[in-house]
Amino acid sequence: NRKTYKAGIFLDILSPATAKVTATYSSGWFKGKAALTENHSGKGVAIYLASLPDKDFYQAFFTKLLKQLGILPILKKSSPYGIEVAERTGKDNRKIIFIINHTPVNKRIKLNQKLHDLLEREDFDNSLFLPPYGVRVLLTN
């Protein structure tokens, strides 16, 4: 019982020689042909996506891939669509978290730790709101 996604308008025809086929097209004249491949080399893996699928694919694909690689979300809770979260660590090991709203609508961000906004001088425990195209620069406590 595999999930299917729309492939979009760009479709590559792959002829994998050494790569493992991890997903195939499910309809049309591409049906059964490789849509996603993995090729292992040494300690690395090259992943080739042969189309431009919808955002649901990317959400599922990267959630699974990041989990497999042991890369955890900065806030440990999923951020709403259009929110960018980045983290920097200073020489003193204090972490600064940047949260950017790339959308024209208000967004509520759930938090899992106490954070202090360095620009607005506010403290947040459970959540915070970001206005359209807003930015927060937060320091961990």
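Things worth noting here:
- Screening the candidates Tyr25, Tyr48, Tyr5 for the property of being open to solvent by less than 60 Å² (accessible area, probe 1.4 Å), farther than 30 Å from Asn126 by Cα and either in contact with a helix residue (DSSP H, G or I) (Cβ under 8 Å, 6 or more places away or on another chain) or free of Cβ contacts under 8 Å to residues at least 40 places away in the same chain (or both) yields one hit, Tyr25.
- Only one of Lys110, Lys91 that is surrounded by 13 or more Cβ atoms within 10 Å (Cβ to Cβ) and charged (D, E, K, R): Lys110
- The sole residue among Ser41, Ser78 that is farther than 30 Å from Ile9 by Cα, open to solvent by 80 Å² or more (accessible area, probe 1.4 Å) and small (Gly, Ala, Ser) is Ser41.
- Counted residues, region 117-139 - those being open to solvent by less than 60 Å² (accessible area, probe 1.4 Å), in a strand (DSSP E or B) and either farther than 25 Å from Ile71 by Cβ or without any contact (Cβ under 8 Å) to a residue 12 or more places away in the chain (or both): 1
- Test for Ile71: is it within 23 Å of Pro16 (Cα to Cα) and exposed (fewer than 14 other Cβ atoms within 10 Å of the Cβ): no
The values are calculated or read from the model by the stated rules, or taken from the named source; none is laboratory data. Since we're looking at a predicted model, the values are computed, not measured. Positions of Cβ are backbone-derived with ideal geometry, glycine not excepted, and every protein chain shown enters the neighbour counts. Protein only, heavy atoms only, side chains kept; ligands, DNA and RNA dropped before computing areas. Shrake-Rupley method; radii C 1.70, N 1.55, O 1.52, S 1.80 Å.
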